[in-house]
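The values are calculated or read from the model by the stated rules, or taken from the named source; none is laboratory data. The structure displayed is predicted, hence computed values, not measured ones. All Cβ positions, even for glycine, are placed from backbone atoms using ideal geometry, and neighbour counts span all protein chains on display. To get the accessible areas, we keep the full protein, side chains included, count just its heavy atoms, and leave off ligands, DNA and RNA. Shrake-Rupley method; radii C 1.70, N 1.55, O 1.52, S 1.80 Å.
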Amino acid sequence: MSQPARAIAPSHPQLEQAKEHLRALIGFDTVSKNPNRPLIEHMAVHFRKLGAEITLLPDESGQKVNLVARFGPEDQPGVVLSGHTDVVPANEETWLTPPFSMDERDGRLYGRGACDMKGFAACVMAAAPAFAAADLKRPLYLCFSYDEEVGCLGAPDIARHLAALPVPPEFAIIGEPSDMKLVTGQKGKIAMRATVTGTSGHSSFSPRHVNAVEYAGRVLQLITERAAAYETEGPFDGEFTVPHATLLATMISGGVATNVTPDHCTFTFELRSIGENDPEGEMAALIESAGEINAEMQARAPGCGIAFSRIFAYPAMNDARNSAGFRALSDLMPEYGGKVSYGSEGGVFEQIGGIPSVIVGPGSIEQAHKPNEFVEISQIEDCLEFLEELTVRLSEA
Ligand SMILES: [Zn+2]
């Protein structure tokens, strides 16, 4: 008797290469505090061997490097495939396997960065021989940045570099984990620190002192009121889970003892904006509204007051579906997945580089920034399939 036929779907021909690339990428400890140069050099060697035109964009230290690898003609508007190479720390004790060495089990690939977002980088590396072999009529720009997780610090240089090309790319696909769905919006963020300076003394003489913690409380009240206005007055975009801007305080410290009037208080706060907001103008207005409190403190004692400083900011990514770059590829785009509140480099490409952007990438944001981060192997296969279709499309005249 013959064996019954078993239906085993053949795996994607590049799957094994993608796994091996991911294994190598996870092996580089690229937590944002560390240099990413060794990983970038590893990727650059691979792309260069295949004939890509390589541009390295280092930061001042030379230890953090962005990579731009171009396949295809430079005199046509191309498509960007973008990812960041840094990862968040992996100090949790609940990792079941070492975070910087890939482990395959249960149809998943585990390791720090597996989904956010070395899985995407591994797919791009596995697809690169096909990019090289194809007769691309329009170029592909493979862009890999540093320090996304600490405020999109690397990507602005890439966006400026691309914008300055004689023929800049017209569309960017950011491979952040989206379950391989099409994500068309991402909130922007401005993270701020407020430093409140008062005067200290024995708390029993409190009327003589300028209480930094209590003045900080008054500024916090302004933040809370403004946040409530976003919630009730908008602007709104129903495609976001939280359909409006959010504003909140996130950390605070001040004071030294229960019986000392505090002369120092610092707190951080953040604004997450949608495309319809004017985040810079709204942040400026918020700071302006604290001017009265500041003036009152300065009038009470010299040197007192509130100083605001920016920690970092990145722009929102707007809906690219009306752009020519998107329309040329719209039939390749996967199922629609809405808009997301997490940050990505899409806003940077759009706002600084003028390149309309979407997010499509393997893995789920649910698994990002957590112990035992993983990407489903089926997601890697879906991504390889997507890149294959993209290659075919860009090869058509
Ligand atoms: Zn990410």
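Ligands, DNA and RNA are left out, and with a 1.4 angstrom probe the accessible area of the stretch 188-314 is 52 Å² per residue.
Which whole-number percent gives the relative contact order of the stretch 188-314, counting Cα pairs below 8 Å spaced six or more residues apart? Kindly include the intermediate steps, with their values, before the conclusion.
Details: 243 pairs, mean separation 53.6, N = 127.
Value for the stretch 188-314: 42 percent.
Comparing Val213, Pro262, Ser289 along the charge dipole axis of the stretch 188-314, the residue lying farthest to the positive side is Pro262, per the Cβ-charge model. The Cα atoms of the stretch 188-314 give a gyration tensor whose axes a ≥ b ≥ c have a/c of 1.5 or more with a/b greater than b/c, which makes the shape prolate. Set the bar at 31 Å for Cα to Cα. Now go through Lys19/Lys181; Lys33/Lys187; Lys49/Lys370; Lys19/Lys189; Lys19/Lys339; Lys49/Lys187 and name every pair that lies beyond it. Over 31 Å apart, Cα to Cα: Lys49/Lys370; Lys19/Lys189; Lys49/Lys187.
Structural descriptor for the chain: relative contact order 25 percent, calculated from alpha carbon pairs under 8 angstrom and at least 6 residues apart.
Here the relative contact order of the stretch 307-397, from alpha carbon pairs under 8 Å that lie six or more residues apart, stands at 28 percent.
In order along the stretch 279-289, the Karplus-derived 3J(HN,Hα) couplings, from 6.51 cos²θ - 1.76 cosθ + 1.60 at θ = phi - 60°, round to x, 5, x, 6, 5, 4, 5, 4, 5, 4, 5 Hz, and Gly and Pro are given as x. The phi-based Karplus calculation (6.51 cos²θ - 1.76 cosθ + 1.60; θ = phi - 60°) puts the 3J(HN,Hα) values of the stretch 49-55 at 4, 8, x, 6, 7, 9, 10 Hz, whole numbers, x for Gly and Pro. When the Cα positions of Thr250, Pro235, Thr197 are compared along the charge dipole of the stretch 178-250, Thr197 comes out farthest toward the positive end, with charges on each C-beta of Lys, Arg, Asp and Glu.
When only the Cβ of Lys, Arg, Asp and Glu is charged (+1, +1, -1, -1), the dipole of the chain relative to its Cα centre reaches about 620 debye. Heavy-atom accessible surface of the stretch 1-85, averaged per residue, reaches 54 Å², computed with a 1.4 Å probe. Across the stretch 355-362, coupling constants 3J(HN,Hα) worked out from phi with the 6.51/-1.76/1.60 Karplus curve, θ = phi - 60°, read 10, x, 9, 9, 10, 9, x, x Hz, and Gly and Pro carry x.
On the accessible surface of the stretch 188-314, probed at 1.4 Å, how many percent belong to carbon and sulfur atoms? Kindly include the intermediate steps, with their values, before the conclusion.
Numbers: 3540 of 6570 Å².
Of all accessible area on the stretch 188-314, carbon and sulfur atoms account for 54 percent.
For the chain, the list of Cys residues with no other Cys C-beta under 4.7 Å reads Cys115, Cys143, Cys152, Cys265, Cys304. Roughly how many Å is it from the Cα centre of the stretch 111-128 to that of the stretch 251-324, as a whole number? Spelled out, the Cα-based centre of one part sits 36 Å from the other.
May I ask what percent, to the nearest 5, of DSSP beta bridges between residues of the chain are antiparallel? The partial results should precede the final answer.
On the way: 48 of 64 bridges.
The antiparallel fraction comes to roughly 75 percent.
Nonpolar atom fraction for the stretch 1-153, defined as the carbon and sulfur part of the 1.4 Å probe accessible area, stands at 53 percent.
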